[in-house]
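The values are calculated or read from the model by the stated rules, or taken from the named source; none is laboratory data. Computed from a prediction, not measured in an experiment: that's the story for all the values here. Note that each Cβ is placed from the backbone with ideal geometry, even for glycine, and that neighbours are counted across all protein chains shown. In case anyone asks, the SASA skips ligands and DNA or RNA and just uses the protein heavy atoms, side chains included. Shrake-Rupley method; radii C 1.70, N 1.55, O 1.52, S 1.80 Å.
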Amino acid sequence: MTKTSKIYIAGHRGMVGSAIWRALTAQGYTHLIGRTSAKLDLRNQQAVNAFVAEEKPDIIIDAAAKVGGILANNNFPYPFLMENLQIQNNLIDAAHHLDVKKFIFLGSSCIYPKFAPQPLKEDYLLTDSLEPTNEWYAIAKIAGVKACEAIRKQFGKDFVSLMPTNLYGPHDNFDLESSHVMPAMIRKFHEAKANHKAVGLWGSGTPMREFLHVDDLAQAVLFAVGHVLPEHLYNVGTGSDVTIKTLAETIQQIVGHTGEIVWDRTKPDGTPRKLMDSSKLRALGWEPQYSLEAGIKDAYAWFCSHQSAYKTVKL
């Protein structure tokens, strides 16, 4: 691949896709293409096939997905399963049949079993049952991983899957009904800061979570664009995790809120721990750069400067 290779980023306006676009542009890639969902419905197989046939990209990066936190996954299981299957299957199949040279599929650490040994290794995929609150999304992403593996195995094509841990950063979804834990906390503490009223959070605060700044994931994608990776599946994480309680207290301190934190133990905690083993990708040369505190400061600064236009995802 060269700096003039045509690269299609599916989901280029989302948090992940926009970070990948920035990273590629900064490295001198000059032929990036994207389409909004209004211009190209990735759930429509005919539309996707026609687009790929016309544009003939050298690389497709699949950063498009229907995503959300525990509440969204739990309340809307069917679209989280079906729409993600439609999006990724259409892209993968079009890339295969229309001879796209490289395909990079992005998933999530939720593909691994709920009670898998920690840290999570790529080999633990499909060894036990999933976390029930987001199994619909996880099953879709597992199907994408296996589809890329099958194409790689049968046809020898450069299709690779990157599984990031919990992501955050600029262009995140801050809608309280559908967001993940960190953006939800950032918004809650910010909105409570004016009078320092109590902030209610789900669960017990005891689960452990790993967080990766989206720009670090973008650098992992950039690495995959520039190299032929020897295996089909790679974890992408920092290698360290914190309790949700520690996360909340860190965000509270950065935001400047001094009120009480109230934990609602009637709400689900989700998986007890999800720390990923990212040693395979790190051994090849990729390393994350953001500390958790520096990353949260960056995400909060972006949130504060986009108060009138930050992204929400209504379900």
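Return the loop-located trypsin sites (Lys or Arg not before Pro) in the stretch 1-96 (DSSP other than H, G, I, E, B) with at most 14 other Cβ atoms within 10 Å of their own Cβ; answer none if there are none. Show your work: numbers first, answer last.
Values: sites: Lys3, Lys6, Arg13, Arg22, Arg35, Lys39, Arg43, Lys66; in loops: Lys3, Lys6, Arg13, Arg35, Lys39, Arg43, Lys66.
Sites meeting the loop and neighbour criteria: Lys3, Lys39.
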Exercise for review: Could you pull the Cα extents of the stretch 33-87 along its three principal axes, largest to smallest, in whole Å?
Suggested key: 38, 19, 17
Check your understanding: Between Thr127 and Asn75, what is the FRET efficiency for a Förster distance of 45 Å, r being their Cβ-Cβ separation, to the nearest 0.05?
Key -> 0.95
Point to revise | Label-zone membership for the stretch 213-250, site Leu284, 7 angstrom Cα→C-beta point, backbone N under 12 Å | key: 220-236
Review point. When the Cα atoms of the stretch 86-232 are enclosed in a convex hull and the volume is divided per residue, what value in Å³ results?
Key: 137 Å³
Exercise for review: Treat every Asp and Glu Cβ in the stretch 172-315 as -1 and every Lys and Arg Cβ as +1, leave all other atoms uncharged, and give the resulting dipole magnitude about the Cα centre to the nearest 20 debye.
Suggested key: 340 debye
Check your understanding: Per q in 0.09, 0.17, 0.19 1/Å, what log10 I(q)/I(0) does a Debye calculation on the alpha-carbon atoms of the stretch 1-156 return?
Key -> -0.30, -1.04, -1.23
Review point. Regarding the stretch 167-283, what whole-number volume in Å³ per residue does the convex hull of its Cα atoms give?
Key: 119 Å³
Review point. For the stretch 250-313, what size does the Cα cloud have along each of its three principal axes, sorted from largest down, in whole Å?
Key: 43, 34, 27
Practice item. Would you tell me the accessible area of Glu55, worked out with a 1.4 angstrom probe on the heavy atoms of the protein chains, in Å² to the nearest 10? Key: 30 Å²
Review point. Between Asp269 and Ala294, what is the FRET efficiency for a Förster distance of 30 Å, r being their Cβ-Cβ separation, to the nearest 0.05?
Key: 0.65
Review point. Relative to the present Cα-Cα distance, how much length would full extension add between Asn44 and His97 at 0.36 nm per residue of separation?
Key: 17.5 nm
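Using a probe radius of 1.4 Å on heavy atoms only, what accessible surface per residue do you get for the chain? Whole Å² is fine.
With all protein chains present, the chain gives 43 Å² per residue.
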Check your understanding: What is the dipole size for the stretch 18-68, taken about its Cα centre, with +1 at each Lys and Arg Cβ and -1 at each Asp and Glu Cβ, in debye to the nearest 20?
Key -> 180 debye
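If you keep only loop residues by DSSP, which trypsin sites (Lys or Arg not before Pro) in the stretch 171-274 have at most 16 other Cβ atoms within 10 Å of their Cβ?
Lys193, Lys197, Arg265
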Exercise for review: Note the angle between two axes, namely the Cα long axis of helix 15-26 and the longest principal axis of the Cα atoms of the chain, as a number of degrees from 0 to 90, rounded to the nearest 10.
Suggested key: 60 degrees
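Taking 25 Å as the cut-off for C-alpha to C-alpha distance, list the pairs among Lys101/Lys274; Lys146/Lys245; Lys197/Lys267; Lys3/Lys56 that go past it.
Those over the limit are Lys101/Lys274; Lys146/Lys245.
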**Study point:** Separation between Cα centres of the stretch 261-315 and the stretch 118-185, rounded to whole Å
**Key:** 15 Å
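Assuming a viscosity of 1.306 mPa s and a temperature of 10 °C, what translational diffusion coefficient in µm² per second does Stokes-Einstein assign to the chain, Rh being the Kirkwood radius over Cα pairs?
80 µm²/s
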Check your understanding: To the nearest 0.05, how large is the calculated FRET efficiency for Arg22 and Ala309 if R₀ is 22 Å and r is the Cβ-Cβ distance?
Key -> 0.80
Review point. What 222 nm value per residue comes from the helices of the chain, counting each DSSP H run with n ≥ 4 as -39,500 (n - 2.57) and dividing by all residues, nearest 500 deg cm²/dmol?
Key: -13000 deg cm²/dmol
Practice item. Could you run the Karplus curve 6.51 cos²θ - 1.76 cosθ + 1.60 with θ = phi - 60° over the stretch 293-309 and give me ³J(HN,Hα) per residue in whole Hz, x for Gly and Pro? Key: 5, 5, x, 5, 4, 5, 5, 5, 4, 5, 4, 5, 8, 10, 4, 8, 8
Review point. Does anyone have the angle between helix 135-155 and the longest principal axis of the chain? Alpha-carbon axes, 0 to 90°, nearest 10?
Key: 30 degrees
